[in-house]
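Notes for the one structure printed next.
Values in this text are rule-based calculations from the coordinates and carry no lab data. Computed from a predicted structure; not experimentally measured. Cβ placement follows ideal geometry from the backbone for every residue including glycine, while neighbour counts extend to all protein chains displayed.
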Amino acid sequence: MLRGTLLVLLCLAVGFISSMYQTDALIEWYPYLAKSALSPSPIVFPIVWGILYILMGISAAFVFSPKLPNTREKRRTIRLFWIQLALNFMWSILFFYFMSPGWALIDIFFLDLVVVLYFMTAFKVHKWAAYLYIPYILWLTLATYLNIFIVMFN
């Protein structure tokens, strides 16, 4: 239980810390970009990301459980979890802090790949750990499209 709570808090902390790097860009830069008609309202982003970070932490808690055997798939899934969390954090820094949608797009392509790999390996370790990543995969699909749109039209 404690492990799960700590992992959820860690994921939320990553989201919170990355959001601190977004403040200026959200006021001075992002509102003036050409955005897709599919862009959600700005209020949607923190709500969705908060939910996704909670789901990530719960998923990780399932995978990190000492009750599961320490298999190669489990170790790979744990590595993929840390990689996706780092790529997730870096996307916000690249996109908002450095105001570089192009570099952020490269990051999100890798993030998409790693999250799908996490899903596939987590499925072998703990099915619910994988299922909890489905909303994340769907949101990343939209986020990737929105990032592509911004690169193309700005």
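Values computed for the structure shown
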| item | result |
| --- | --- |
| Extension gain from Y97 to S65, taking 0.36 nm per residue of separation minus the Cα-Cα distance | 8.0 nm |
| Read-out log10 I(q)/I(0) by the Debye sum over Cα atoms at q = 0.08, 0.09, 0.10, 0.21 Å⁻¹, derived from the coordinates shown; its label in (i) -0.23, -0.29, -0.36, -1.35; (ii) -0.24, -0.30, -0.37, -1.52; (iii) -0.43, -0.50, -0.55, -1.19 | (i) |
| Contour excess over end-to-end distance, with Cα ends at I27 and Y131 and 0.36 nm allotted per residue | 33.9 nm |
| Under 12 Å from K35, Cα to Cα: aspartates and glutamates that are on another chain or at least 8 residues apart | none |
| Pair S39, M1: separation of 7 Å Cα→Cβ label points (nm) | 4.4 nm |
| Angle between the chain longest axis and helix 2-20 axis [Cα atoms, degrees, rounded to 10] | 10 degrees |
| The stretch 1-90, dipole about Cα centre (Lys/Arg Cβ +1, Asp/Glu Cβ -1), debye to the nearest 20 | 640 debye |
| Residues of type lysines that K124 reaches as a straight line, Cα spacing below 20 Å, ignoring anything fewer than 8 places off in the same chain | K67, K74 |
| Sparse-neighbour loop sites [trypsin sites (Lys or Arg not before Pro); the stretch 57-154; at most 13 other C-beta within 10 Å; DSSP] | K67 |
| Cβ-placed point charges (K, R +1; D, E -1), dipole of the chain about Cα centre in debye, nearest 20 | 860 debye |
| The chain - percent relative contact order, Cα under 8 Å, separation 6 or more | 32 percent |
| Dipole magnitude of the stretch 63-124, debye to nearest 20 (Cβ charges: Lys/Arg +1, Asp/Glu -1, about Cα centre) | 480 debye |
